[in-house]
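The next block holds one structure in the form of structure tokens; read it before the comments.
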Amino acid sequence: MRWRGQRRSDNVEDRRGMRAPSPMGGLGGGGGGLLNLLPAVFKLFGFKGGMVAVLAIGAYALMSGNLGSMLGGGGQDSLSEHEAGSVKQSAEEKTLVDFVSVVLADTEDTWHQLFRKMGGEYEEPNLVLFRGATRTACGFGQAAMGPFYCPGDHKVYIDLSFYDDLKNRFKAPGDFAQAYVIAHEVGHHVQTLLGISQKVQKAKRSLSEVEGNKLSVRQELQADCFAGIWAYHADRSRQLLESGDVEEGLNAASAIGDDRLQKQSQGYVSPDSFTHGSSAQRVKWFKIGFKGGDLQQCDTFSAKSL
């Protein structure tokens, strides 16, 4: 990507120098019970290191459970419990911070333009950098969950160590693969602004777990399509993409499909527990968004075939 020298977003919140909170409201690395099981749980269901779905307002939804309340996570007022410190970072990490700031800025440019065309106004999300764990308006977040979006505070959260997983564990290297991650989570923010996320959460309350999972898949695939829309405009309007970038994005989308993650973690595939979509589906919907840059083409909820 041709990202160097581009505008950086002012909406990056750096918590990397803050002490990680415990799930019960204190500081430090303590915590027991379900917290210690989180990495295994997310790995079992394909969440570890993957794209976490848009979560219910006020809670992290792990299948049908309320993860936020189970962990005893607090809201934004809990942030006062942190103690800020200086951020120690390598040159590589500093470059990553600059990179995600540029990507976030470019998503802002894209969605401001598209919202204006719809007669609306785009509200920019914050991107929070953290290490290990942090509190959000949706509860307690861990790096093991991968990047995620919290509709309760309109913030995207990422521990930059996830990019090591993306490169080494998921074999999806490259700066555009990293940008796709941000664009996908911003896609969830767009869904929240458009009222889509709220409708999905309301509908899921009356559905079985299997049917609720199917609705989550449609929501996630739409976020992939929205990421493709961003890539379309980043390429056409600002010429940020270079040769091979799209292939990096498609590789990342494929690497984090539910079928591939389940096969790696548990040795078999269970389609009824999919919450993000298969590798083929994720690639398909990213390509749909990238092909025309049109929101109308991203209606995964009306699509007869995913």
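The values are calculated or read from the model by the stated rules, or taken from the named source; none is laboratory data. This structure is a prediction, so every number in the text was calculated from the model and none was measured. FYI the Cβ positions are ideal-geometry reconstructions off the backbone, even for glycines, and counts take in every protein chain you see.
Select, from GLU248, GLU242, the only residue that is under 18 Å from the mean Cα position of the chain (by Cα) and among the charged types (D, E, K, R).
The match here is GLU248.
Given the residues LEU221, LEU261, LEU250, which is the only one that is buried (at least 21 other Cβ atoms within 10 Å of the Cβ), outside any loop (DSSP other than H, G, I, E, B) and without any contact (Cβ under 8 Å) to a residue 60 or more places away in the chain? Break it down into steps so the answer makes sense when it comes.
Details: LEU221 fails: without any contact (Cβ under 8 Å) to a residue 60 or more places away in the chain; LEU261 fails: without any contact (Cβ under 8 Å) to a residue 60 or more places away in the chain.
Sole residue among the options that is buried (at least 21 other Cβ atoms within 10 Å of the Cβ), outside any loop (DSSP other than H, G, I, E, B) and without any contact (Cβ under 8 Å) to a residue 60 or more places away in the chain: LEU250.
From the list ALA105, ALA172, ALA144, exactly one residue is buried (at least 23 other Cβ atoms within 10 Å of the Cβ) and out of contact with any His (no Cβ under 6 Å at 6 or more places or on another chain). Which is it?
Residue meeting the stated conditions: ALA172.
Going by the conditions given, is TYR157 crowded, with 19+ Cβ neighbours inside 10 Å, modelled with pLDDT of 95 or more and under 19 Å from GLN222 (Cα atoms)?
no
Determine if region 282-289 includes at least one residue that is in contact with a His (Cβ under 8 Å, 6 or more places away or on another chain) and either surrounded by fewer than 20 Cβ atoms within 10 Å (Cβ to Cβ) or assigned to a helix (DSSP H, G or I) (or both).
Yes: one or more hits.
Tell me, which residue of region 204-237 that is more than 15 Å from HIS188 (Cβ to Cβ) and of a type in the set (Gly, Ala, Ser) is modelled with the lowest pLDDT?
Applying the filter and picking the extreme gives SER237.
Looking at (1) more than 14 Å from the chain's Cα centre (by Cα); (2) modelled with pLDDT of 85 or more, which one does GLU83 not meet, given that it meets all the others?
(2)
Does any residue of region 189-210 turn out to be of a type in the set (A, V, I, L, M, F, W, C), buried (at least 23 other Cβ atoms within 10 Å of the Cβ) and in contact (Cβ under 8 Å) with a residue 12 or more places away in the chain?
yes
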